[in-house]
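Computed from the coordinates by the stated procedures, all read-outs in this text should not be read as laboratory data. Because the structure is a prediction, the values reported are computed rather than measured. Here the Cβ is made from the backbone with ideal geometry for all residues, glycine too, and neighbour counts use every protein chain on show.
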Amino acid sequence: MRKFYGTDLPNPLMLGTAQYPSPAILEEAFRASGAGVATVSLRREGAGGAGQTFWQMIRDLGVYILPNTAGCHTVKEAVTTAQMAREVFGTDWIKLELIGHTDSLQPDVFQLVEAARILSEDGFQVFPYTTEDLIVGERLLEAGCEVLMPWGAPIGSGRGLNNEYGLRAMRAEFPDTPLVVDAGIGLPSHAAHAMELGYDAVLLNTAVARAGDPALMAKAMAQAVEAGRLAYEADPIEARDMAEASTPVIGKAFL
Amino acid sequence: MTIWSVIGAGVCGLAVATELADRGAKVQIFDPAGPPGPHGCSWWAGGMLAPWCEYENAEEPVLRLGQEAISWWAERTKVTKAGTLVVASKRDLPDLRRFARRTESFTDAGREEIAALEPDLHGFGKGLYFAAEAHLDPRKALQDLFRGLSEKGVEFHKAFAPQGLDNVVDCRGLAAREYLYDLRGVKGEMLIIRAPDVEITRPVRLLHPRIPLYIVPRGDGVYMLGATTIESEDSSRITARSMLELLSAAYALNPAFGEAEVLETGVDLRPAFPDNLPRIRRLGKTIYANGLYRHGYLLAPAVAKGVAELALNNTHSEMVDEDRA
């Protein structure tokens, strides 16, 4: 498994921490899944360090914390939020999210590249939430990113991988870069699908937090990413148009 | 005779004092901030008695214990039993289906039913109607409890409770957090608007994947718009973004809300335990009743009964999570 800025993750599941019915259920979801990374938003909760109590609950999960810039629409906002996140959580990791479109929450990739450069130069280790566009990916790497996080589908939509071809192309184009499918996952099969393509991790939130039983769904997601990764490592067979019998038919009576 | 000292004159304290007094106990109340007012978070509540709607995103005790609330309040203040209407825009119908799957005791409402229930809602073709739910005006309810207590001879002291009292029930919400290690504050923001041109007669919830909103009629064209739920302990002011979201959701219910007057904005911190369920905890000579979260009016009656049973009969309800008397 590829390292994320030099860090080996215990498993390929990253979970968001928003929208759970309660912090107790959030904790159960982490316990049930063994997810190794928790993303946390600061933009709205942050003013004057007012989110401290909740953030302490996230620290107490004992997993890697990946603060995010969710809700930021400009480079300036994102950079300020990242700086605050570094202060609050004592980590250089930042999930960089720059929203460009109100309805689809599609990232504004132009501002994303600019903010990634500013933050990388400032010593941040940037995890950019991007699209599957190869040129944008290249620009992000040039800007200093060592991880790319293309979307599967719009945030919270639960549609799975909208553009499998694009995600495959991205994997082929950046063979040495850790890649994470971030957003759009609704079902464990979507998460497994991403891993089968050779992705290094899957980041999701709504699919677990808004499930009827978040802990159970978190466990299902953990098993799915594990299955998907094993399948990728096992080198799956190619799909064919015709049947290929697994036992030879010659020598049998085929009357 | 034992005197019970209730600290805090918010919805929790007043409900506990009422329940104790109704069971024949002698009660006094302390609150240095005075009678119920804007200093307490229950002043800013919606006042929905909506256990079935809340169950969509809360645990089972909220559904069960919340059902005791309507009759308890109806004996003590004006409760409007008009149900709740839940609607979603066409784009967000998956959220409506999800809401329906997570709860019970509703009927499907189509365009005609919605128009019959609330003619002033525009453009909604699908909804859910929870006929058994009710609502009250929180400020009137607090004042009615306060007056009722005074009529029962319960003394109110606008003062800190003296040290060393026996038989204390601490209902101070977040102010008691130094004694309750796992209590946190959850920010909520709301608006009160006056829109005499719009007539909505029951609480309406508008589902949205990011910004669920409810509107509660307070009579005379006045509406309460609520409420954000943010994991923050900043209670200084409502943010522009929150106000924008709340108002744009109201505008979606009926564009005539665009002409409403904004009468008040409110922000405060809901006291909550990690599972967002209330607790009754006896530590030494003090019983703590706290953590009513978004469910102050819905769960105060059950919490009050639980406190009374512990205080007077030494009976442990399910809300008692620790007893070190």
### Query
Which length gain, in nm to one decimal place, applies between A:Gln106 and A:Thr74 when the Cα-Cα distance is subtracted from 0.36 nm times their residue separation?
10.2 nm
### Task
Please report, to two decimal places, log10 I(q)/I(0) for chain B at q = 0.09 Å⁻¹ as given by the Debye formula with identical point scatterers on the Cα atoms and no solvent.
-0.45
### Task
Could you compute the FRET efficiency for A:Arg31 and B:Glu151, with r as their C-beta to C-beta distance and R0 at 41 Å, rounded to 0.05?
0.20
### Query
Just how far, in whole angstrom, is segment A:1-62 from segment B:217-233 if you go by their alpha carbon centroids?
29
### Task
Using the Karplus curve 6.51 cos²θ - 1.76 cosθ + 1.60 with θ = phi - 60°, work out ³J(HN,Hα) for each residue of segment A:151-165 in order, rounded to whole Hz, and write x for Gly and Pro.
6, x, 7, x, 3, x, 7, x, 8, x, 8, 5, 10, 4, 4
### Task
Round to the nearest 0.05 the FRET efficiency obtained for B:Ser236 and B:Val262 when R0 = 22 Å and r is the Cβ-Cβ distance.
0.75
### Task
Write out the trypsin sites (Lys or Arg not before Pro) in segment B:42-150 meeting two conditions: DSSP loop, and at most 16 other Cβ atoms within 10 Å of their Cβ.
B:Lys78, B:Lys81
### Task
Can you put A:Cys72, B:Cys171 in order of Cβ neighbours within 10 angstrom, beginning with the fewest?
A:Cys72, B:Cys171
## Note on the structure
If one builds a Gaussian network model of chain B from Cα atoms under 10 Å apart, the most fluctuating residue listed among B:Val79, B:Val307, B:Val262 is B:Val262
### Task
Report, to the nearest 10°, how far helix B:11-22 tilts away from the longest principal axis of the Cα atoms in chain B, using its own Cα long axis and a range of 0 to 90°.
50
### Task
Assuming R0 = 30 Å, can you tell me the calculated FRET efficiency for the pair B:Asp182 and A:Thr91, based on Cβ-Cβ distance, to the nearest 0.05?
0.75
#### Entry: Solitary cysteines of chain B, where the nearest other Cys Cβ is not under 4.7 Å
B:Cys41, B:Cys53
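List the relative contact order of chain A as a percent without decimals, with contacts defined as Cα pairs under 8 Å and 6+ residues apart.
Reported as a whole number, the value is 20 percent.
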### GNM top mover of B:Ala132, B:Ala249, B:Ala240 - chain B, alpha-carbon springs below 10 Å
B:Ala240
### Message
Exposed loop sites here are chymotrypsin sites (Phe, Trp or Tyr not before Pro) in DSSP loop states with at most 12 other C-beta atoms within 10 Å. What is the longest stretch of chain B lacking them?
### Response
B:1-159
### Query
Hey, in the GNM for chain A with a 10 angstrom Cα cutoff, which one of A:Met242, A:Met221, A:Met195 fluctuates hardest?
A:Met242
### Query
How far is helix B:240-253 tilted off the main Cα axis of chain B, in degrees rounded to 10, range 0 to 90?
60
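Write out the trypsin sites (Lys or Arg not before Pro) in segment B:154-246 meeting two conditions: DSSP loop, and at most 14 other Cβ atoms within 10 Å of their Cβ.
Hits after loop and neighbour filter: B:Lys158, B:Arg210, B:Arg237.
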#### Entry: Extension reserve of the B:Arg91-B:Thr201 stretch, reckoned as 0.36 nm per residue once the Cα distance is removed
37.1 nm
### Query
In degrees, nearest 10, range 0 to 90: what is the angle between the Cα axis of helix B:296-313 and the longest Cα principal axis of chain B?
20
### Antiparallel DSSP beta bridges within the protein assembly as shown, as percent of all bridges there, nearest 5
50
### Task
For n ≥ 4 DSSP H runs only, could you compute -39500 (n - 2.57) per run for chain A, divide by its residues and tell me the 222 nm figure to the nearest 500?
-12000 deg cm²/dmol
